[in-house]
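Worksheet: the structure to be examined is printed underneath.
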Amino acid sequence: MDSYNKIICISNALYNDGLEKAKARDLSGAIESLRKSLRFYKANTQARNLLGLIYYETGEVVDALSEWVLSRSLNPDGNPAEKYLEEIQSNRSQLNAVNQTIKKYNQALLYCQQDSKDLAIIQLKKVLSMNPGLVKGYQLLALLYMEEGKYELAKKELRLAAEIDTNNVTTLRYLREADRFLQEGSRQAREGRKEKKEKAAAYQSGNETIIQPTNFKDNSAVMTIINLIIGVGIGVLITWFLVIPGIRQNVVSEAKKAELAANDSLATRNQEVKSLESQIESLNKQIKNQEKDSEDTKKIVDNYEQLLVAYDAFAQQNIQGAGDTIVNVDPNLLGGQAKAIYETLSTQVNEQYITAVYAQAEQDYRGNRFPEAITGLEKVVQVEEDYNDGYAIYYLAHCYRQTGDTENAKKYYQRMVELHPGTARANKSQQYLNELGL
């Protein structure tokens, strides 16, 4: 019991730590503390509910629903998780938005794998407009911007992610990388401007200082015309060899992208359906495991309660009640000491119980109260079939014959013949068997 209490205390301490971190917007740290709390005590519904709320805050709606469903299965009475689930399930538009967000985010990941970064960026912008709290969406979008050299845009997305989760390790690492590349770019730009100034030359014209590039040449009119012709020719060549092929390539590229998007859409739908089916199956397994654990615990508790009721009845000299109850106790579910108590109690109760039950059943039989006699005699026969030198099954067969239950009457007459052959009761039983058609 001390170990159990210690585990509960550790779980609660980790829950409190997670709560403090969540208040400070350190959601990543809060998630880590709450997961540790649940590893110590999985039935800590407060920690599980808070973990679901943090998942929901960071845009991980499926993970949030998983935690709340498990919490409700562990503690269905007065659990706030029930309210959270009802609010989401009652809002059809919100459920649809969650579903669309998952699909579009998965589609963006697929585009990244296919090196279609432009399409991935467009898809992520749609995702974040629908789910502004999805931290991993901001991170992936920033990563794509950094790969394209757009570090200012990347920093903007990362700052938005940091507003949601202040100490997210991935966000902080990406921010450091973006700052480093921006600083290197700024340094290279300064060096370029300095080099350009050094290439300029200055000379004095009267009272004025004229600054010009060192490679400046004073072209004559003929050179001006020649340069003009050359420039026109170069422009034509650039247009023919660079601009026009680029336009054609863009048209072809757009057509291919449209075709790829159509093909990917179908493949993604199948992938998303499989992913959701897998998540549902996993949730159902977790719920079944929790239900099985709860059922096993309930069986053990009920078994101990039956043993206590039987013991209490025996202590009050209520042999009938003790005997009726102890038959419901399963010794396989008892611990060592409890099993020893059961065996002692069972031995003492059965001796007196069978005697009392048989005496009452015999009175009912002789008073022609055959249904009542059957109830008592069945109990006696179940404990000791050949009780009172076989009279128990002999009377039981008579009772069944009197009530019209031919099958059971044949069964017990046959046992009488087998157990006590050659006796008057066995001969009488055989006579009844012949009359009943056996």
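Some values worked out for this structure:
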read-out	value
Condition check for K117: more than 23 Å from E277 (Cβ to Cβ), at pLDDT 90 or above and of a type in the set (D, E, K, R)	no
Residues of region 13-66 satisfying the condition of being in contact (Cβ under 8 Å) with a residue 60 or more places away in the chain, surrounded by fewer than 18 Cβ atoms within 10 Å (Cβ to Cβ) and outside any helix (DSSP H, G or I)	A24, R25
Of residues in region 306-351 being assigned to a loop (DSSP other than H, G, I, E, B) and surrounded by 13 or more Cβ atoms within 10 Å (Cβ to Cβ), the one modelled with the lowest pLDDT	V327
Scan of region 364-390 for residues that are in contact with a Lys or Arg (Cβ under 8 Å, 6 or more places away or on another chain) and either farther than 27 Å from T347 by Cβ or part of a helix (DSSP H, G or I) (or both), ordered by number	G390
Residue count, region 37-68 (criterion: farther than 29 Å from T171 by Cβ and not hydroxyl-bearing (S, T, Y))	2
Per-region count, region 100-110, residues under 14 Å from Q139 (Cα atoms) and crowded, with 20+ Cβ neighbours inside 10 Å	2
Pair list, Cβ under 7 Å, 6 or more apart: region 313-333 residue on the phi < 0 side of the Ramachandran plot and among the aromatic types (F, W, Y), other residue at pLDDT 80 or above and outside any loop (DSSP other than H, G, I, E, B)	F314/A322; F314/L345
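Conditions (1) surrounded by fewer than 18 Cβ atoms within 10 Å (Cβ to Cβ); (2) not hydrophobic (A, V, I, L, M, F, W, C), marked per residue:
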residue: G376; (1), (2): no, yes
residue: E384; (1), (2): yes, yes
residue: G390; (1), (2): no, yes
residue: I393; (1), (2): no, no
residue: Q402; (1), (2): yes, yes
residue: A409; (1), (2): no, no
residue: E418; (1), (2): yes, yes
residue: G422; (1), (2): yes, yes
residue: N427; (1), (2): yes, yes
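The values are calculated or read from the model by the stated rules, or taken from the named source; none is laboratory data. Predicted, not measured: the structure shown is a model, and the values here were computed from it. Cβ sites come from the backbone with ideal geometry, for glycine too, and all protein chains shown count toward neighbours.
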